[in-house]
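Below is one structure; the comments refer to it alone.
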Amino acid sequence: MGRQNSGRRGGGRNGTAGCTVTVCRGCCCGTERKHPGVDHAAQVERLTAGVGETGRVRLSDCLDACTDSNVVVVAPSAQGRLTGARPVWLAGVLTAATTDEVVEWVRSGGPGVADPPGLLDLSVFTPSRRVRQAVED
């Protein structure tokens, strides 16, 4: 598992911590070689601008779920954690439409607060326990 870089931090609604969106940018996710024609830098900019102050976006060198790239993990807000929500792993986040659905979900409260919009729930997958523990701890 690679190092993780914190992005801009934002507060959530009512001063509580919002969702954290972790975007994989390792060997498979975020590379022109693996996904030609995808503007990976623009995707991160779109996420960061869209999430705004309702949460934060951070980059990871590798989330170790390469077969499911582009991988994005949406960790619940403080409010979502109170409901028992856990981070949600999304596979194949490659289009502007899917990126916008991630933003919409985070702005609506994310895991444990709101259902994923549109077809985003079709991107949900469960990584191995070893991978999950490394990211969620």
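The values are calculated or read from the model by the stated rules, or taken from the named source; none is laboratory data. In this text, all values refer to a predicted model and were calculated from it rather than measured experimentally. Cβ: placed from backbone, ideal geometry, glycine included. Neighbour counts: every protein chain shown.
Some points to look at:
- Restricting V113, V71, V44, V51 to those that are touching a strand residue (DSSP E or B) at 6+ places or on another chain (Cβ under 7 Å) and within 13 Å of C19 (Cβ to Cβ) reduces the list to V51.
- Hits in the range 49-62 (condition: in contact with a helix residue (DSSP H, G or I) (Cβ under 6 Å, 6 or more places away or on another chain) and either crowded, with 22+ Cβ neighbours inside 10 Å or of a type in the set (S, T, Y) (or both)): V51, T54, G55, V57
- The selection criterion, being among the basic types (K, R) and at pLDDT below 95, holds for R130.
- Yes/no for P36 being in a loop (DSSP other than H, G, I, E, B), of a type outside the set (K, R) and surrounded by 20 or more Cβ atoms within 10 Å (Cβ to Cβ): no
- Options R8, R46: the member that is modelled with pLDDT under 85 and surrounded by fewer than 18 Cβ atoms within 10 Å (Cβ to Cβ): R8
- Going through (1) at negative phi; (2) more than 14 Å from the chain's Cα centre (by Cα); (3) modelled with pLDDT of 95 or more one by one, R58 falls short only on (2).
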